[in-house]
Structure formats: structure tokens, C-alpha cells
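Report on one structure; see the data block that follows.
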Amino acid sequence: MKFNRTVVAIAMCALFAIVPTLSACADNDTHITVDKLPAQAQTFLKTYFGDKRVAYATKDRDLMSVTYEVRYMEGTKVEFRKDGEWKDVDCQRDTVPSAIVPQAIATFVAKNYQGSYICKIDRDKKGYDVELNNGLDLSFDTKFRLVKIDD
């Protein structure tokens, strides 16, 4: 099957015109106030970080999803999914609130890394990743079994 050069050239021009438009739509960070977050995210922040001062909050709209990020003045960052479920909590050099760490992971860290604490945790459909203050990254599956250690 032969293609006419003109048709191919027009198709290529159209493709090059569309790609920048799609990428511009895909990265749409908007600054918002905390009261514009989903109710579940607001409750999470009040419960675990109510004593901290918010630096800013954003709503990030991609082609396929919406996420929210809240950054605090001292550096803590919390990310949420569209429904307000927490996705990632990064407390920098501070301890992640123990109530959000699954008990099996907290027990594993306490038993195997005495003197260390979790300063970052994120979760997705595959499981949890935690970062310890000593620099180790631990990955757990959805049944809280250790699947990877990265230093």
C-alpha cells in the first residue's frame, strides 16, 4: 500500500500541532486553598497535621487523573488522589504520624531497624514504599511482606 507524500506530510504536520496542545493540557497545576480539597483530605490534614502552617496547596489535572498536593512551611508534603485518599506523605526529617503507617510495617521497622523511623510513606495498588531516616527505602506488597530494600 503506497501513501501519497502530501497526505503523509499533512498527517505529520497535524500530529506535530496536536502534541504540544495535549502536553499543555496534561500539566495543569492550579493553586488552591485547603478548603477546596476533598473533605476526606481536609479531615486527614486536620487530624495529622493540624498544628502545622500550610505554605501552599495545588490541584494537578492530568489527562487521566486529578491529584492534590499540600506543602507545609517546615517542608512536609502530602499528596492526595482525586477522592481525597492520601497517596504520599513526606515528612522530610520528621517522623510520619504513626497512625497512618500500617501496624505490620511499623512492627517490621521497629524490630529490624531499631533507632530508625519512617520519614516518608507512599502507597499505590501494589503496596507501600517507606523511607527511613537512615536512607533505606523499603517496599512492601499489599500483604505487608517486604519485597525490596534499596539504599
What are the residues in the stretch 92-140 that are farther than 24 Å from PHE80 by Cβ and among the basic types (Lys, Arg), if any?
LYS111
The residue that is modelled with the highest pLDDT, considering only those in the stretch 20-34 that are surrounded by 10 or more Cβ atoms within 10 Å (Cβ to Cβ) and farther than 17 Å from LYS77 by Cα, is ASN28
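The values are calculated or read from the model by the stated rules, or taken from the named source; none is laboratory data. Model, not experiment: these values are computed from the prediction. Neighbour counts are summed over all protein chains in view; Cβ atoms, including those assigned to glycine, are modelled from backbone coordinates with ideal geometry.
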